[in-house]
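All remarks here apply to the structure that follows.
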Amino acid sequence: MLKGIDHRLNADVLGTLRAMGHGDYIVVVDTNFPADSIARTTPVGKLLRMENLTSAQAVQAILSVLPLDTFVPDFAGRMQVVGDPSAVPEVQAEVQAEVDRAEGKHRPLPGIERFDFYDLAKGAYAVIQTGERRFYGCIMLRKGVIGPEA
């Protein structure tokens, strides 16, 4: 355990978040996502796990240390529901609330078509699989910057 670090962030996840640069992104995915095979295509090269957490709990922990990119409209994203791209399932509403809390304002998560999300995931810095069993618990988070102290 470390002071000031969310205990849900394991060493692999913390090391990965620290190593990422501005504009790099991760995907946080549910248990149904083809996470292992896609994770092998990322710079990290292996699947990272936060397995006893929901998507929202994992995102909350991640955003306790990861700044989101404020320069681009795709600062984050959510996998769209097949056949109803404007739908926002409860799992995604919970993640949206965590993003809003971390940002201190409402920035709607852009939708990403399912197969586009799979392609996006292949270009991610890392894939983090949660224990989320609800469908569409798949989220992208793009790392921003921490400015100099005043």
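Throughout, read-outs are computed from the coordinates displayed, never taken from laboratory work. These numbers come from a predicted model, not from an experiment. So basically every Cβ, Gly included, is an ideal-geometry build from the backbone, and we count neighbours across all protein chains shown.
With no solvent and one point on each alpha carbon, what is the Debye value of log10 I(q)/I(0) for the range 1-129 at q = 0.09, 0.17 Å⁻¹?
With no solvent term, the Cα-only Debye profile gives -0.23, -0.91.
Hey, any idea what Rg/Rh is for the range 62-110, computing Rh the Kirkwood way over Cα pairs? Write down the numbers at each step before the final one.
Numbers: Rg = 11.3 Å, Rh = 11.6 Å.
Radius of gyration over Kirkwood radius for the range 62-110 works out to 0.97.
Give the residue list of chymotrypsin sites (Phe, Trp or Tyr not before Pro) in the range 15-107 that are DSSP loop and have at most 12 other beta-carbon atoms within 10 angstrom. Kindly include the intermediate steps, with their values, before the conclusion.
On the way: sites: Tyr25, Phe71, Phe75; in loops: Phe71, Phe75.
Loop-located and lightly packed - Phe71.
Sort largest first and round to whole Å: the equivalent ellipsoid semi-axes of the range 84-150, each the square root of five times a Cα gyration tensor eigenvalue.
Details: eigenvalues 104, 56, 29 Å².
Square roots of five times the eigenvalues give 23, 17, 12 Å.
Compute the relative contact order of the chain as a whole-number percentage, counting only Cα pairs closer than 8 Å that sit 6 or more residues apart in sequence. Let's see the in-between values first.
Working: 278 pairs, mean separation 67.8, N = 150.
About 45 percent, as a whole number.
Once you place label points 7 Å from the Cα toward the Cβ at Phe115 and His22, how far apart are they in nm?
Rounded to a tenth, the inter-label distance reads 3.6 nm.
Work out which GluC sites (Glu not before Pro) in the chain are exposed loop sites (DSSP not H, G, I, E or B, at most 16 other Cβ within 10 Å) and give the longest gap free of them. Working shown, then result.
Details: sites that count: Glu51, Glu113, Glu149.
The longest uninterrupted stretch comes out as 52-112.
Using 0.36 nm times the number of residues separating Ala97 and Ala150, minus their current alpha carbon distance, what extension gain do you get?
Values: separation 53, 0.36 × 53 = 19.08 nm, distance 2.91 nm.
Gain on stretching Ala97 to Ala150: 16.2 nm.
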